């Protein structure tokens, strides 16, 4: 099934997007016109294995700036020289697909580490990370078939995992700055809304992973 998404070694973007549109249809998720543009993107992290490692998404907004220059530029209050940043992002994961382990640190633009929370709108997701702060359990105690891609490798850093789904509608929050984390879709796939501070940096724990598509 994986090979059908590659043509001459390159990820076929149209075929992959069609798979995500089918996912949306499965969940009766409305597909606005903007999803038919380049604003809706796909990614296999240059690993050539889209069904195992991959995602698609759309940044509804990823805003940054200084209070004094935003909007009409008329703000003169005490925070006028401070920076702000916020994000609203929709994540789409095919069945069993992994968004691999990564971290967000403060980037060269002077913005602090990205902090984020997720709400599973459709399907279910297994969130994994380095630390326990709510209802996480040890990955070693999790069913082997559901353990994250890369678990047990020398570069893999996460220790805990938990589940969120659309039925319970309970959000999950990355509470620790710069922590390593990732997520895996359940058997039906998932659509996840992410709210966060400004996104300006990502680093993957596995060497060679990039936020790009194979052959592009």
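Bear in mind that the values in this text are calculations on the coordinates, not laboratory data. All figures in this text were calculated on a predicted structure; none of them were measured in a lab. With ideal geometry, Cβ positions are generated from the backbone for all residues, glycine too; neighbour counts draw on all protein chains shown.
Using the Kirkwood formula on the Cα atoms of segment 137-205, what hydrodynamic radius do you get, in angstrom to one decimal? Present the calculation step by step, with values, prior to reporting the outcome.
Working: mean 1/r = 0.0714 Å⁻¹.
Its Kirkwood hydrodynamic radius stands at 14.0 Å.
Using only DSSP helix segments of four residues or longer, with each worth -39500 (n - 2.57), what per-residue ellipticity at 222 nm results for the chain after dividing by its residue count and rounding to 500? Walk me through the numbers before you get to the answer.
Values: 1 runs with 14 residues, N = 216.
Calculated mean residue ellipticity at 222 nm is -2000 deg cm²/dmol.
Among 125-135, 179-189, 6-16, how do they line up from the highest to the lowest mean number of other beta-carbon atoms within 10 Å?
Top of the packing list down: 179-189, 125-135, 6-16.
Which percent, to the nearest 5, of DSSP beta bridges fully inside segment 52-98 are antiparallel? Could the numbers behind the result be given before it?
Numbers: 10 of 11 bridges.
So the antiparallel bridges amount to about 90 percent of the total.
Give me the Kirkwood hydrodynamic radius of the chain, using the inverse of the mean 1/r over all pairs of distinct Cα atoms, in Å to one decimal. Each step should come with its number before you reach the end.
Details: mean 1/r = 0.0547 Å⁻¹.
Computed over Cα pairs of the chain, the Kirkwood hydrodynamic radius comes out at 18.3 Å.
In the calculated pair distance distribution of segment 45-162, what percentage of Cα-Cα distances lie above 17 Å? Write out the running numbers ahead of the final one.
On the way: 4688 of 6903 pairs.
For segment 45-162, the fraction of Cα-Cα distances above 17 Å is 68 percent.
Taking only the alpha carbons of segment 1-77, what extent do you get along each of the three principal axes, in Å, biggest first?
Largest to smallest, the principal-axis extents are 57, 29, 18 Å.
Just the number: Rg to Rh for segment 111-166, Cα atoms, Kirkwood Rh, two decimals. Working shown, then result.
Values: Rg = 12.4 Å, Rh = 12.5 Å.
Rg/Rh: 0.99.
Please give the contour-minus-distance gain from residue 83 to residue 10: 0.36 nm per residue of separation, less the Cα-Cα distance, rounded to one decimal in nm.
22.3 nm
For helix 13-26, report the angle its Cα long axis makes with the longest principal axis of the Cα atoms of the chain; keep it between 0 and 90° and round to the nearest 10°.
90 degrees
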